[in-house]
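Let me begin by presenting the structure, written as structure tokens, before commenting on it.
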Ligand SMILES: [Zn+2]
Ligand SMILES: [Zn+2]
């Protein structure tokens, strides 16, 4: 468990004057604890181990909060969630590399790629307000597993 990451979001929350409730923190910890992206259902099942009274809205509200604060990203194509590698203040778009073998997700931040996409859209007079950039394939660990 990356306690430093948890400490980091605690500090950001107090600086922003928003409340990181026990449940919100616990959901974040569960997302961080998993190498692969977690679905809301999986998170609920895990949350129930420490908080038996947890219900789906508990998880959805916690996820909504964490998304708003930029602490996690939603993986649209698999309807699941990962922690943000930077967890920092500003909202950003990333390219997600999703392994179809083990479900791990790598987050890449490439501002020049985002700028290029915006420039291409501009040619059509189009203003982008959201991106979903998700690449599916096989991660390095799964590739070397196959070669053994
Ligand atoms: Zn991120
Ligand atoms: Zn993999």
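Read-outs throughout are calculated quantities, based only on the coordinates presented, and are distinct from any laboratory measurement. Since this is a predicted model, take the numbers as computed values, not measurements. Cβ coordinates were reconstructed from backbone atoms using ideal geometry, including for glycine residues, and neighbour counts include every protein chain displayed.
By the helix-only formula, in which each DSSP H run with n ≥ 4 contributes -39500 (n - 2.57) and the sum is divided by residues, the chain has a 222 nm mean residue ellipticity of -14500 deg cm²/dmol. Take every DSSP beta bridge whose two residues both sit in the chain; close to 65 percent of them are antiparallel.
Taken along its three principal axes, the alpha carbon spread of the chain comes to 51, 48, 27 Å, from the longest extent down to the shortest.
Could you compute the FRET efficiency for residue 140 and residue 95, with r as their C-beta to C-beta distance and R0 at 22 Å, rounded to 0.05?
Details: r = 16 Å, r/R0 = 0.74.
According to the calculation, E is roughly 0.85.
Its relative contact order, with pairs defined as Cα atoms under 8 Å and 6+ residues apart, puts the chain at 19 percent.
In the elastic network of the chain, a GNM with C-alpha springs shorter than 10 Å, the most mobile of 53, 95, 109 is 53. In this label model, residue 111 and residue 4 are separated by 2.3 nm, measuring between points 7 Å along each Cα→Cβ vector. Placing pseudo-labels 7 Å out from each Cα toward the beta carbon at residue 102 and residue 128 gives an inter-label distance of 3.0 nm. Site pair residue 19 and residue 45 shows an inter-label distance of 3.1 nm when each label is modelled 7 Å from Cα along Cα→Cβ.
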